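Engineer: I'd like to ask some things about the structure below.
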Amino acid sequence: MSATTVSAITGSLLDDGLILTRHEGDIRNESARGRPRVMLELNPAAARVVGAKIAASRMIFVVADFRGDVLSTLTLPIRIDRQPISVIADLVEDGVRRCVVDAGLGLKDVHSICLGLPGVIEHRTGRIRSSPILRDTDVDFATEMSSRLGVPAIIESDATAITLAHHWFGKARDLEDMVLISLEHTLGLGVLHENRPFRGAGGLSHNLGDLVLGMGTDGVVRLSSKAGEAAIFEEHRGDGPFAEAVRLGRGMAHAQTLIKADDNTLISAAIRAGEAIGLTVANIVTLFAPPRVILVGSSLALGEPFLNSLRDAYLMAIPPSLRDVSELVFDDASDDFWARGAAAVALYELYESPWSTTGPAI
């Protein structure tokens, strides 16, 4: 674009209050004529959004400004899996409202919210086709939450949210393309292509746990049956203290303690899970050859038995011609970081939306 066009656009953005000028002295070149150049930056107060991670045993909320800086956080350690959807909606509404108040704001100051959940999410419509933390299926959660809060609501896969968090703030800031695998209560897949989250038809998320590994005596064998949390804990289901830890969302932490104490049953389960994930990563790299694969989530707490078997299986399965293509990165991201990713999804859509002279057209 010409300098005149850029100046006109910049002027409109300044008038709309979306960007600000930042004077840092006279930074013009000594030989340049005319007015000194002025640095520009996003106006943090141009918009605020709420992001949330909704998990089986907790909900985490953040309020972020237009630059993605966090203004407040809130964690509610509440077990919500298998609760009626109306109860979950009540809890989410209360969490959003409280976190907004903690930021010194009101809902009228919030432009949109994004809720990240595990499962099969239809991003464009805001429908949750299925989620392991819900007993209901095909839930129009975006409409429900928008109606309750009077703020546009976005429903997103938690794996896509954490993918965007790493692209904006974490271990993929230098990349235009990458793949993320989330190893939580469920197994999720996030894909970034040319700086954009990649989704399926209708904005569908990718539920990696449904990936078919082969055929068994009982039918198809899916990844979740080998590497999902339920599969890893299967042999300890009747263990009272362990079962209670799982119910309260502390299963992986408890498993970590038992593995360190040489619990052979859990060590074997961790090795099997690691092998299944390693083969899956090798297949993904074989298909797409991303420069980086980031693995996040609570299953990383299984430690060396899981990680070593994952690496060994990956190296065994990856074609020699692709062995140096993809970097494997393991990240123990905090819950706040997952919620910040959901806020990034909301900001991403604001950045792309039409804008009037009074802000985003929402």
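The values are calculated or read from the model by the stated rules, or taken from the named source; none is laboratory data. In this text the structure is predicted, and so the values were computed from the model without any measurement. Here the Cβ positions follow ideal geometry from the backbone for every residue, glycine too, while neighbour counts run over all protein chains shown.
Engineer: Looking at region 208-221, I want the residues that are in the same structural domain as residue 284 (by TED's automatic domain parsing) and have a partner that is in a helix (DSSP H, G or I) and aliphatic (A, V, I, L, M) with Cβ atoms under 8 Å, at least 6 apart or on another chain. Which pairs are those?
Structural biologist: Cβ pairs passing all conditions: 208/159; 209/227; 213/276; 213/279.
Engineer: Does residue 73 satisfy the criteria of being touching a residue at least 40 places away in the same chain (Cβ under 8 Å), surrounded by fewer than 20 Cβ atoms within 10 Å (Cβ to Cβ) and touching a Phe, Trp or Tyr at 6+ places or on another chain (Cβ under 8 Å)?
Structural biologist: Yes, satisfied.
Engineer: Confirm whether residue 87 is hydrophobic (A, V, I, L, M, F, W, C), buried (at least 17 other Cβ atoms within 10 Å of the Cβ) and in the same structural domain as residue 136 (by TED's automatic domain parsing).
Structural biologist: Details: hydrophobic (A, V, I, L, M, F, W, C): yes; buried (at least 17 other Cβ atoms within 10 Å of the Cβ): no; in the same structural domain as residue 136 (by TED's automatic domain parsing): yes.
Here the answer is no, as residue 87 does not meet what is asked.
Engineer: Which of the residues belonging to region 148-202 are under 27 Å from residue 278 (Cβ atoms) and of a type in the set (Lys, Arg)?
Structural biologist: 171, 173, 199 - these are the residues of region 148-202 that are under 27 Å from residue 278 (Cβ atoms) and of a type in the set (Lys, Arg).
Engineer: Would you say residue 193 is under 22 Å from residue 332 (Cα atoms) and assigned by TED's automatic domain parsing to the domain that holds residue 302?
Structural biologist: Spelling it out, it is not the case that residue 193 is under 22 Å from residue 332 (Cα atoms) and assigned by TED's automatic domain parsing to the domain that holds residue 302.
Engineer: Of the residues 173, 124, which single one is within 17 Å of the chain's Cα centre (by Cα) and in contact (Cβ under 8 Å) with a residue 12 or more places away in the chain? Walk me through how you get there before you give the answer.
Structural biologist: Values: 173 fails: in contact (Cβ under 8 Å) with a residue 12 or more places away in the chain.
Of 173, 124, the one residue that is within 17 Å of the chain's Cα centre (by Cα) and in contact (Cβ under 8 Å) with a residue 12 or more places away in the chain is 124.
Engineer: I would also like to ask the following. Against the condition of a type in the set (S, T, N, Q), part of a helix (DSSP H, G or I) and free of Cβ contacts under 8 Å to residues at least 60 places away in the same chain, how does residue 280 come out, does it pass? Write out each step before concluding.
Structural biologist: Values: of a type in the set (S, T, N, Q): yes; part of a helix (DSSP H, G or I): yes; free of Cβ contacts under 8 Å to residues at least 60 places away in the same chain: no.
No; evaluated as a whole, the condition is false for this residue.
Engineer: Acidic (Asp, Glu), modelled with pLDDT of 90 or more and in contact with a helix residue (DSSP H, G or I) (Cβ under 9 Å, 6 or more places away or on another chain) - does that describe any residue in region 54-69?
Structural biologist: yes
Engineer: Tell me the strands (runs of 3 or more DSSP E) entirely within region 181-275 that contain at least 3 residues that are surrounded by 16 or more Cβ atoms within 10 Å (Cβ to Cβ).
Structural biologist: Counting at least 3 such residues, we get 187-193.
Engineer: Does any residue of region 97-115 turn out to be touching a Pro at 6+ places or on another chain (Cβ under 7 Å) and in a loop (DSSP other than H, G, I, E, B)?
Structural biologist: Among the residues of region 97-115, at least one is touching a Pro at 6+ places or on another chain (Cβ under 7 Å) and in a loop (DSSP other than H, G, I, E, B), which makes the answer yes.
Engineer: Which one of 242, 198, 233 is farther than 21 Å from residue 58 by Cα and of a type in the set (Phe, Trp, Tyr)?
Structural biologist: Testing whether each residue is farther than 21 Å from residue 58 by Cα and of a type in the set (Phe, Trp, Tyr) leaves just 198.
Engineer: While we're here: State yes or no: is residue 137 at pLDDT below 95, surrounded by fewer than 22 Cβ atoms within 10 Å (Cβ to Cβ), of a type in the set (S, T, N, Q) and not in a strand (DSSP E or B)?
Structural biologist: yes
Engineer: Output yes when any residue across region 144-156 is acidic (Asp, Glu), outside the structural domain of residue 270 (by TED's automatic domain parsing), within 19 Å of the chain's Cα centre (by Cα) and modelled with pLDDT of 95 or more, and no when none is.
Structural biologist: Yes, some residue in region 144-156 is acidic (Asp, Glu), outside the structural domain of residue 270 (by TED's automatic domain parsing), within 19 Å of the chain's Cα centre (by Cα) and modelled with pLDDT of 95 or more.
Engineer: Looking only at region 25-45, decide whether some residue is at pLDDT 90 or above, out of contact with any strand residue (DSSP E or B) (no Cβ under 6 Å at 6 or more places or on another chain) and within 15 Å of residue 339 (Cα to Cα).
Structural biologist: no
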